[in-house]
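The values are calculated or read from the model by the stated rules, or taken from the named source; none is laboratory data. In this text, all values refer to a predicted model and were calculated from it rather than measured experimentally. Cβ: placed from backbone, ideal geometry, glycine included. Neighbour counts: every protein chain shown. Note: accessible area is taken over every heavy atom of the protein model, side chains too, but ligands, DNA and RNA are not part of it. Shrake-Rupley method; radii C 1.70, N 1.55, O 1.52, S 1.80 Å.
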Amino acid sequence: MISTVKTIDFDHHSREHTRNWVETYRHLRATSPLAHTQAHGGYYIVTRHDDVVAVAQDTENFTKLKWQDENGAWQGGGTIPTATALLIPDDIDPPDWKFYRHLLNPFFTPKVVARSREMAELVASILVDAVIETGKVEMIGQLASPL
C-alpha cells in the first residue's frame, strides 16, 4: 500500500468530474494514487486496483462503520457524502456485513434476477425514450436512479 497521501481538490459529484472522470482517474493513478480531499467532510481516494483490493480486505485499518456524533449527525459510512441514516449493508463491516450478505444473496442469484429482466428492459426503454430526442442525458438522475 502506498504511504504518501497528497491532499487534492476533488469532488466526485462535481460537473467537472462528470465530464472528465476518465482523464481525472488516469491522472490520479499516475500522480496521486492515494489522495485525500476536503470535499463532503473529507475522504480518501484510492485509484489503483491492487490498493483498492488491499483497502477492501483490511477491515482492521479501514472501516465503513457509521456512527452518530454528540449532535446526532451521522459520520463515516460507505456513502459520500454521508447519508442521514445507517445504510445496510454499505455502512457496516464484517462480521455484521456477512450476516446481511447471507440474507440478501438469495435475491441476487442469476435465476431470481432473470425474473426481473423483462420489466427492467421495459423500464429502461421508457426512460431512454424520454430523453433520446434531447441528445443528452444525466445518467444517474434520468436513468440509473429511476431504474
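Between Glu118, Glu70, the distinction of being out of contact with any helix residue (DSSP H, G or I) (no Cβ under 9 Å at 6 or more places or on another chain), exposed (fewer than 12 other Cβ atoms within 10 Å of the Cβ) and part of a loop (DSSP other than H, G, I, E, B) belongs to Glu70 only. Looking at the range 4-15, which of its residues are farther than 15 Å from Ser32 by Cβ and open to solvent by 100 Å² or more (accessible area, probe 1.4 Å)? Across the range 4-15, the qualifying residues are His13, Arg15. Kindly evaluate Pro146 against the criterion of being of a type outside the set (A, V, I, L, M, F, W, C), in a loop (DSSP other than H, G, I, E, B) and in contact (Cβ under 8 Å) with a residue 24 or more places away in the chain. So Pro146 fails the test. Selection of the range 122-138 for residues being exposed (fewer than 10 other Cβ atoms within 10 Å of the Cβ), in a helix (DSSP H, G or I) and not β-branched (Val, Ile, Thr) yields Asp129, Glu133. Step by step: first the residues of the range 11-24, then only those that are in a helix (DSSP H, G or I) and among the polar types (S, T, N, Q), then the one that is nearest to Asp50 (Cα to Cα). Which residue is that? Among them, the one singled out is Thr24. Of the conditions (1) out of contact with any Ser or Thr (no Cβ under 7 Å at 6 or more places or on another chain); (2) closer than 18 Å to Thr59 by Cβ; (3) in contact (Cβ under 8 Å) with a residue 24 or more places away in the chain, Pro95 satisfies every one except a single condition; which number is it? Looking at each condition in turn, Pro95 falls short on (3).
Within the range 130-142, residues that are closer than 17 Å to Arg19 by Cβ reach partners that are in a helix (DSSP H, G or I) and open to solvent by less than 80 Å² (accessible area, probe 1.4 Å) with beta carbons closer than 6 Å, at six or more positions or on different chains, in the pairs Val137/Val131; Gln142/Val131.
Confirm whether Ile126 is β-branched (Val, Ile, Thr) and under 21 Å from the mean Cα position of the chain (by Cα). Considered against the rule, which asks whether it is β-branched (Val, Ile, Thr) and under 21 Å from the mean Cα position of the chain (by Cα), Ile126 comes out as no. Checking Lys64, Lys98 one by one, the residue that is closer than 30 Å to Thr4 by Cβ and among the charged types (D, E, K, R) is Lys64 and no other.
For the range 17-30, state whether one or more residues are touching a helix residue (DSSP H, G or I) at 6+ places or on another chain (Cβ under 9 Å), of a type in the set (Val, Ile, Thr) and within 26 Å of Thr4 (Cβ to Cβ). Yes, that holds for at least one residue.
State which residue is farthest from the chain's Cα centre (by Cα) when the search covers only the range 25-49 and only residues that are part of a helix (DSSP H, G or I) and either aromatic (Phe, Trp, Tyr) or surrounded by fewer than 11 Cβ atoms within 10 Å (Cβ to Cβ) (or both). Across the range 25-49, the extreme among qualifying residues is Ala30. Being assigned to a loop (DSSP other than H, G, I, E, B) and open to solvent by 100 Å² or more (accessible area, probe 1.4 Å) is a description that applies to Thr84.
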